[in-house]
Amino acid sequence: MEKANIDWKNVGFGYYKTDKRFVANYKDGKWEEGQLTSDDKIVLSESAGVLQYAQTCFEGMKAYTTVDGHVVIFRPDLNAQRMYDTAKRLEMPPYPVDKFIEAVEQVVKANLKYVPPYGTGATLYLRPFMFGSSPVLGVKPAEEYQFRIFGSPVGPYFKVDAKPITLKVSDFDRAAPKGTGHVKAGLNYAMSLHAIVTAHNEGYNENLYLDAKTRTKVEETGGANFFFVTKDKKVITPKSESILPSITRRSLMYVAKEYLGLETEEREIRLDELKDFSECGLCGTAAVISPVGKIVDHGKEICFPDSLDAIGPISKKLYDTLTGIQFGRIEAPKGWIRVIE
């Protein structure tokens with residue numbers, strides 16, 4: 001298929017309107033079949049549940065062109081299940097996992113000309129989302145909902161070969177114990193906006209959020225999970241009931257153990273032990289891996305010697321292996337890759 005006339009190597013990470021998106025409505029206690037549409041506009045009551053009480057959730061995933069020319073999506077079953085779990089937590093009707101995957105495939109097939117060519121570093125970002133669409137005034141769940149998916153071609157969120165980023169230990173809390181930190185609710189990201197603007201104004205790239213209860217343990221940033229590498233090359237990620245179960249992080253931990261033969265561990269990580277790690281990185285769908293050079297804790301610098309000036313050696317191996325799997329250069333574990341074309 002002839003591709004859209006886009007400068008693929010210089011496309012940024014932002015919204016670009018594509019031809020088709022998927023829409024399904026929930027009414028009278030059931031989801032309709034849903035369909036593709038060219039209409040990118042949404043018309044809502046001024047009292048819609050999403051506008052009054054932030055009853056909304058979303059996912060982020062990508063479609064890739066592989067080295068052999070196929071268009072694929074990466075582990076969509078995990079995105080579908082995470083949105084299912086998020087919807088239940090927000091008292092929204094979960095969209096069926098199998099229907100979610102089918103809808104994602106429909107959107108990709110309808111927008112194949114926007115899937116960037118192999119070798120450009122760009123991908124088609126997919127945004128499934130759901131929101132309360134019927135009017136509410138009292139504090140209660142909406143009765144009607146809409147599920148949608150759109151796609152947008154994007155470049156890297158952070159370039160892996162760019163200078164490692166600098167974080168600050170935030171004075172704000174990201175999520176309360178037993179709150180919604182473990183689900184992908186829109187409200188989690190709304191509350192992070194003031195903190196990220198504050199960090200940017202102070203010269204930092206992002207925030208490191210601590211656990212809200214003791215403020216001694218590492219959780220995540222506003223939009224990505226952490227991983228750390230010890231001096232003896234063990235890969236460790238924070239364990240907490242109030243951080244999002246990142247699909248990229250879970251995939252990287254599998255890659256570290258099964259492909260690279262590294263020791264891995266998921267455990268609570270104290271702020272005061274960060275000085276002992278050799279590498280630090282953020283991981284998520286948008287960035288894959290963003291190397292972290294240092295974290296500033298109220299004026300005190302915590303530096304990671306192996307990722308201070310460039311991506312660390314273990315992080316680079318993790319990045320190269322996972323992206324190799326995604327782009328078809330390395331054989332994927334069974335069930336990780338779904339071929340669209």
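The values are calculated or read from the model by the stated rules, or taken from the named source; none is laboratory data. All values reported here derive from a predicted model rather than from experimental measurement. Glycine gets a Cβ as well: all are built from the backbone with ideal geometry, and neighbour counts include every protein chain shown. For accessibility, only protein heavy atoms count, side chains too; no ligands or nucleic acids. Shrake-Rupley method; radii C 1.70, N 1.55, O 1.52, S 1.80 Å.
Note on surface exposure: Glu266, Glu59 rank Glu266, Glu59 by accessible area, highest first, 1.4 Å probe. What percent antiparallel are the DSSP beta bridges of the chain, to the nearest 5? Roughly 85 percent of the beta bridges in the chain run antiparallel, per DSSP. When the pairs Lys9/Lys88; Lys9/Lys109; Lys184/Lys217; Lys168/Lys239; Lys20/Lys88 are compared against a 30 Å limit on Cα-Cα distance, Lys9/Lys88 fall above it. Note on the chain: GNM, Cα springs under 10 Å; of Val97, Val23, Val197, the largest mean-square fluctuation is that of Val197.
With the dipole of the chain worked out from charges on the C-beta (+1 for Lys and Arg, -1 for Asp and Glu) around the Cα centre, which of Leu322, Leu78, Asn201 lies farthest toward the positive end? Working it through, the farthest residue towards the positive pole turns out to be Leu322. In percent, rounded to a whole number, the relative contact order of the chain is 19, using alpha-carbon pairs under 8 Å and six or more apart. Please give the net charge around Met61, taking every other residue with its beta carbon less than 12 angstrom from that of Met61, where Lys and Arg add +1 and Asp and Glu add -1. Around Met61, the surrounding residues sum to +3. Take the alpha carbon atoms of segment 8-72, find their center, do the same for segment 287-340, and report the distance between the two centers in whole angstrom. Segment 8-72 and segment 287-340 have Cα centres separated by 27 Å.
Here segment 116-130 and segment 256-272 have alpha carbon centers that stand 28 Å from each other. Highest mobility in the GNM of the chain, judged by mean-square fluctuation with C-alpha springs under 10 Å and restricted to Asn79, Asn205, Asn225, is found for Asn205. Of Ile314, Ile269, Ile330, the residue with the greatest mean-square motion in the GNM of the chain, using alpha carbon springs below 10 Å, is Ile330. Working ranking of peptides 296-302, 236-242, 129-135 by packing, defined as the average number of other Cβ atoms within 10 Å per residue, highest first, is 129-135, 236-242, 296-302.
Taking the helices alone, the chain has a mean residue ellipticity at 222 nm of -6000 deg cm²/dmol, built from -39,500 (n - 2.57) per DSSP H run of at least 4 residues and averaged over all its residues.
Here, segment 1-90 is characterised by an Rg to Rh ratio of 1.01, where Rg is the alpha-carbon radius of gyration and Rh the Kirkwood radius.
Rg and Dmax of segment 178-301, both derived from C-alpha coordinates alone, stand at 14.2, 41 Å.
Annotation for segment 148-226: GluC sites (Glu not before Pro) lying in DSSP loop with at most 12 further Cβ atoms inside 10 Å of their Cβ are Glu202. For segment 16-171, the equivalent ellipsoid derived from the Cα gyration tensor has semi-axes of 30, 21, 14 Å, listed largest first.
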